[in-house]
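To start, the structure itself, in structure tokens.
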Amino acid sequence: MTAFSDRLTRLRSYDHTLGEVAFLLGGIGTGNVSVGARGELRDWEIWNAPGKGVRFPYSFFALHVDSGGNTWNRVLEARLQPPFANSHGFDSADTAGLPRFPESRLRAEYPLCCVDLVDEQLPVRVRLEAFTPFVPLDADASSWPCAVLRYFVRNVGEHPAFVSVAGSLANMTTAYGHGLFNYVRYHGESINTRKDGALRGVHMESQGFAADHPMARSMAIATTNEACTIRPTWYQGAWYDSIQDFWDAFSRSGKLSETSPESGAGNEMMRQVGQKIGTVAPWATIAPGDETMFEFFLTWHMPNRIGGWDQAYNPDAPPVTIGNHYALPFENAWDVAESLAVHLPRLERLTHTFHQALFGSTLPDDVLDAVAANITVLRSTTCFRVDDGQFYGWEGCFPGQGCCDGSCTHVWNYEATLPYLFPELAQSMRKNEFLYEVEADGKMNFRSRKQLGGAAWDMPAAVDGQNGTIVRLYREWKLSGNDQLINDLGPSALRALDYALPCWDQDGDLVLDSEQHNTYDIEFFGPNSLANSMYLAALKAGVEIARHLGQEARAQQYAKQFALASQRVDDLLWGGEYYVQKLDDINAHRYQYGVGCLSDQVLGQYMAHVAGLGYVLPEAHVRQAIHSVFLYNFRPDLSAHENVQRTFALNDEAGLLLCSWPHGGRPRFPFVYSDEVWTGIEYQVAASLIFEGFVDEGLTLVSAARARHDGLRRNPFNEVECGNHYARAMAAWAVLIALSGHTCDLTRDEQRFDPKINQNDFQCFFSNGREWGVYRQRMGEDGQFIRDTQVLYTKGASEKQAPA
């Protein structure tokens, strides 16, 4: 165990008044519980579905201090903040009427979080440190269904202090919603069991469900502290007897007896509350000047998710289920806790190694903020992994369910986080797309449904999604050096590439110009550089894929097509400052952009740069086009911006519009998201600007996006678009790639860096499919660069080889 609060110094902190802050805990595909800026546990999302706003009744941590003849009791949170205008006040389950700390401050550098709780009246100082293990290149090590919570209590008084920290948790294994008065609805029976041994705590299980039932669930709260008292169930009385009995006992001595299952008279629903709450209360006597850690594990085991993309549970008609990959190694939540205790030293060491490698960088703070904060998408309910190891993703999430299913290709195109941190999961997405979602004629279904038992997505192919996925396959191949990936998927990828011209080139001139469905949920008509830059990037990838497969004639055909198409696209669409869409009548089809300056106009070039494919259009025009995007589409103040579409940035905030018409020519009904601001596109454009040498402009976009996520207006750990934790926002990682100039081709064992910032003293995290670590570059006394690549982790390395 290593305390880490002193290391969280790079990024801004968030005080108790910032109610939007919610730092996610939980692993890949496990669901989450979040820590708020007050130190509260919030947004319980562990039921195989999103749960923004879901609270667990009486699930909180409390402090008892006895020192110098005085006693203090506090909920281990800062005070609740206004507004307090609830129709029935705060429910007893919120414990809003119990004493709390006057102030708190949350500091976070993902995956680590610390909350300092401040109360000058107490003779102790308290902080919470929280994390879930995170190890790039090891998806299983990053998929623990747990939250590690450590409360550090320092005695700053003159007398020894008896301190107890009580963690209480509600058994929600049979819960499936809320009813009148916000009472929890339960389906079936559950039981709390006291556990003693190397770990001490309470295990909570549902009862009477088959092993493959979605309600076959378990949860646990455990401590590693030896000295503790445990109350597996609270007093089962009426009204507020349960919480009254608990608080009276804890505030009196800080120790709890194991209560009998007696029940008082009253409403059965109220009596159930006490039966479902369990508490673990480690204690210690702390000498003046000393500090003691109280360690807790919150673990859960929800092994069965509803099959397919439907997440709605109907207790009257339980659906077919599919297993969660994260749950396979464990029997139940207590098994998770016991296994975590064994493996945590190594997992924590590697988690800290990653954190230090990332945040020890010389990259700007806003870049690190954007890069790290959007890793959370991979461990949010946007993503899940089923029992066969296949990884899936929504586009984002509604508060209570996923939004836009099928690992949508035209949205996931943008992200660059998954392939660099967990390439095996990115490869699993490519396998699903090319083995199961490409039809005999080469059409790729842009939403993956077949492997989860659904019918093929019945819409036209997405021009950006299909071509972009070919580029992403090439990227995954080069990042990993996995030739077998191309041997297996390459034929399908080339079939998908050959689909492009018959489908989208109506006049046979190698320029895509027919009806083109795209990520704006509409169809573009006529030649445009978004679709054609994507196709050009796919052609360049196709050359290399065909060549690897021994199809040299096909490779040469693609190379010839690329050369001709690139020239024709440039000749046809270059407008002098940027690329445009060519239509004889801009209003003949609704939802076009014509002579507008589209932020995504060279999206294919962005993807080609990330994949290491080089230029797909003339470099000089690409540079001028992307600079025009910044010049015309960035608004340092949106107060005067007129937007009747969805609004993601407003008032005096800065942001990048999806499109503008600097020289007129706006259609009567432009494409439906044209006036909006999306962080995923801001990061794509930021990376593109940096790739082309416009570093300051790129950093301006990153800073604008992160300034809007300040904890007051928006959650810093949740960038939304069409849903929470939106996948497109993971394009932030491409900014790191662009700034470091990192290129990688492990099929040739080649890796290079060409920093675009701080060249004389540069340090940055790097990763590929085999290893991760730190690249350093500094100017020597002789005027030559001194370069050093330090590998900190190698995939598949034995424990002896793992970094210290």
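Computed quantities for the displayed model
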{"quantity": "Potential extension, Arg12-Lys450 segment - 0.36 nm per residue separation minus Cα distance", "calculated": "153.3 nm"}
{"quantity": "Solvent exposure of segment 545-702 as accessible area per residue, Å², 1.4 Å probe", "calculated": "40 Å²"}
{"quantity": "Packing-based order for 676-688, 277-289, using average beta carbon neighbours within 10 Å, highest first", "calculated": "676-688, 277-289"}
{"quantity": "FRET efficiency for Ala96 and Phe398, using Cβ-Cβ distance with R0 set to 22 Å, rounded to 0.05", "calculated": "0.25"}
{"quantity": "Segment 683-767 - percent of accessible surface contributed by carbon and sulfur, probe 1.4 Å", "calculated": "43 percent"}
{"quantity": "Inter-label distance, nm, simple model (7 Å from Cα along the C-beta direction), Ala85/Gln484", "calculated": "6.2 nm"}
{"quantity": "Of all DSSP beta bridges in the chain, antiparallel share, percent nearest 5", "calculated": "95 percent"}
{"quantity": "Backbone N under 20 Å from the Arg590 label point (7 Å along Cα→Cβ), restricted to segment 521-541", "calculated": "521-526"}
{"quantity": "Extension gain, Arg346 back to Arg568 (0.36 nm per residue minus Cα-Cα distance, nm)", "calculated": "74.3 nm"}
{"quantity": "Spacing of the two label points (7 Å from each Cα toward its C-beta) at Asp248 and Arg778, in nm", "calculated": "6.6 nm"}
{"quantity": "Order of exposure, largest accessible area first, which applies to Leu501, Leu435 with probe 1.4 Å", "calculated": "Leu435, Leu501"}
{"quantity": "Percentage relative contact order, the chain, counting C-alpha pairs under 8 Å, at least six apart", "calculated": "12 percent"}
{"quantity": "Alpha-carbon centroid distance for the pair segment 348-376 / segment 747-777, whole angstrom", "calculated": "15 Å"}
{"quantity": "Cα-Cα over 26 Å, subset of Lys443/Lys478; Lys52/Lys195; Lys582/Lys756; Lys478/Lys560", "calculated": "Lys52/Lys195; Lys582/Lys756"}
{"quantity": "Projected label distance in nm at Gln751 and Ala707, using a 7 Å step from Cα toward the beta-carbon", "calculated": "3.6 nm"}
{"quantity": "Highest-first arrangement of 747-759, 481-493, where packing means the average Cβ count within 10 Å", "calculated": "481-493, 747-759"}
{"quantity": "Amide H contacts under 5 Å for Phe391, placed H, 5+ residues apart", "calculated": "Met429"}
{"quantity": "Answer label, with Rg and Dmax of the Cα atoms in Å calculated from the coordinates and candidates (1) 27.9, 97; (2) 27.6, 90; (3) 29.6, 97", "calculated": "(2)"}
{"quantity": "Low-density loop cleavage sites - GluC sites (Glu not before Pro) in segment 288-364, where at most 15 other Cβ are within 10 Å (DSSP)", "calculated": "Glu331"}
{"quantity": "Partner aspartates and glutamates for Lys795 [C-alpha distance under 20 Å; skip if fewer than 8 residues away on the same chain]", "calculated": "Asp138, Asp140, Glu348, Glu424, Glu476, Asp483, Asp745, Asp749, Glu750, Glu771"}
{"quantity": "Potential extension, Glu642-Ser257 segment - 0.36 nm per residue separation minus Cα distance", "calculated": "132.3 nm"}
{"quantity": "Percent carbon-and-sulfur accessible area, segment 393-481, ignoring ligands, DNA and RNA, probe 1.4 Å", "calculated": "52 percent"}
{"quantity": "Exposure of Arg7 as accessible area (Å², to 10), given a probe of 1.4 Å and all protein chains", "calculated": "80 Å²"}
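The values are calculated or read from the model by the stated rules, or taken from the named source; none is laboratory data. It should be emphasised that the depicted structure is a prediction, and the values quoted were computed from it without experimental measurement. Using ideal geometry, Cβ is built from the backbone for each residue, glycine included, and neighbour counts are taken over all protein chains shown. For accessibility, only protein heavy atoms count, side chains too; no ligands or nucleic acids. Shrake-Rupley method; radii C 1.70, N 1.55, O 1.52, S 1.80 Å.
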